[in-house]
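Structure record follows, encoded as structure tokens.
The values are calculated or read from the model by the stated rules, or taken from the named source; none is laboratory data. Small disclaimer: the values here were computed from a predicted structure and weren't measured. So basically every Cβ, Gly included, is an ideal-geometry build from the backbone, and we count neighbours across all protein chains shown.
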């Protein structure tokens, strides 16, 4: 079934108390708008239109960054949801199919819910939920069974209508041609003086059409209008992501302490320890293990690899199979081939490490000269001694070794040993003499102070 999306993202969100447009605030590492776009994208729509207003340039750019094919439409005056959809409809000229209207500040709608709406046979399908009668949502007024007679906004509702518990999420679905006809007939004779998209339900029924309700849990319809709402949406997303990971065969030893991003991918039989944070762009393959207190972002961890505890993988980190990255190790824009070991207290940036090499404690690839980044190439089966400074650009050949405490500034051929440190000088008795001098100086200072 051909489908299209209209995503309304023009609102200002004054309760956020922020210079950032509301739909660009993030949960799970991605803007609210991207969550709505990604849910809608599962329907494989032929067209996606995002209606922007406040912060139009930034919101439009964020939409295009996520989907270059998206069409961005400007709503200069905020005259209601009906007006916003009317602004989007010209971009659907020639489209024959069903249109789902979503909101850029409602990030938790499930793809399964949208698929159910699309498959429901009715002229207009509205997404509703059961809620607290005290809530100030619009009410869905039924005419028998699951047929919907009209939607009443809370501010326009009577006392009896406000007592209803079936509430409007704002999300709806209709045939493109019918939607255009109904929106064209909207008026602004209501308490807010706006063009309500919800009025198309009564209009469709009045002309003999059928409107129906699809329901979902209230949590799916959570709209973000404040920082408290943002925190609640983050919590709801994380709870859903943790449950999904467990169902997919991932071991989370302390689920409530693990935080996922929207695009986190973890294979079955992976083990994730407590207090692990996944930033955007992370893939962890089956059977890998992430130990406690690790932070991962923009990286790939292959099968059998072991990371942490207290490790940081930054964008561009690629860990091959059975790689071990230990405590207080940071990897950035570096590829570690099969079986590499970086046990502890090291930084590898802008580097490639060949298979089965061992990187000693305290090793640093000195990749930045204050202006440009430079690469370090380490071959296979290399042994890097502890506290080695590799001053890039530099290449260490296969099977080579560096002595502990070395500063390596030149390429090292394969199978060679490189030592770059000052020769040790030992002076017998000098330590005792120095301590005596230091103690006498301290005693003199103490006497002078009195």
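Worth a mention:
- Index of the failed condition, residue 65 passing every other in (1) surrounded by fewer than 16 Cβ atoms within 10 Å (Cβ to Cβ); (2) at pLDDT 95 or above; (3) part of a loop (DSSP other than H, G, I, E, B): (3)
- Test: residue in region 6-22 that is modelled with pLDDT of 95 or more, part of a helix (DSSP H, G or I) and either touching a helix residue (DSSP H, G or I) at 6+ places or on another chain (Cβ under 9 Å) or in the same structural domain as residue 107 (by TED's automatic domain parsing) (or both): yes
- Any hit, region 414-423, residues being without any contact (Cβ under 8 Å) to a residue 40 or more places away in the chain, farther than 24 Å from residue 317 by Cα and not in a loop (DSSP other than H, G, I, E, B): yes
- Any helices (runs of 4 or more DSSP H) falling wholly within region 141-259 and containing at least 2 residues that are outside the structural domain of residue 115 (by TED's automatic domain parsing) and either modelled with pLDDT of 95 or more or in contact with a helix residue (DSSP H, G or I) (Cβ under 7 Å, 6 or more places away or on another chain) (or both): 227-247
- Residue count for region 49-62, restricted to those that are over 17 Å from residue 102 (Cα atoms) and buried (at least 18 other Cβ atoms within 10 Å of the Cβ): 2
- Whichever residue in region 109-124 is crowded, with 21+ Cβ neighbours inside 10 Å and within 30 Å of the chain's Cα centre (by Cα) and, among such residues, is nearest to residue 43 (Cα to Cα): 114
- Residues in region 44-62 that are assigned to a loop (DSSP other than H, G, I, E, B) and closer than 18 Å to residue 92 by Cα: 44, 45, 46.
- Put simply, of 427, 447 the only residue that is part of a helix (DSSP H, G or I), outside the structural domain of residue 378 (by TED's automatic domain parsing) and loosely packed, with under 10 Cβ neighbours inside 10 Å is 447.
This table checks each residue for (1) under 19 Å from the mean Cα position of the chain (by Cα); (2) surrounded by 17 or more Cβ atoms within 10 Å (Cβ to Cβ).
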site	(1), (2)
195	no, yes
198	no, yes
205	no, yes
208	no, no
213	no, yes
216	no, yes
222	yes, yes
230	yes, yes
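- Search result, residues across region 75-88 that are surrounded by fewer than 16 Cβ atoms within 10 Å (Cβ to Cβ) and either in contact (Cβ under 8 Å) with a residue 40 or more places away in the chain or part of a helix (DSSP H, G or I) (or both): 78
- Residue 44 vs. criteria within 20 Å of residue 172 (Cα to Cα) and over 17 Å from the mean Cα position of the chain (by Cα): yes
- Subset tally (residues that are buried (at least 20 other Cβ atoms within 10 Å of the Cβ) and over 24 Å from residue 37 (Cβ atoms)) for region 253-285: 6
- From the list 354, 349, 308, the one residue that fits, being surrounded by 21 or more Cβ atoms within 10 Å (Cβ to Cβ), touching a residue at least 40 places away in the same chain (Cβ under 8 Å) and in the same structural domain as residue 276 (by TED's automatic domain parsing), is 354.
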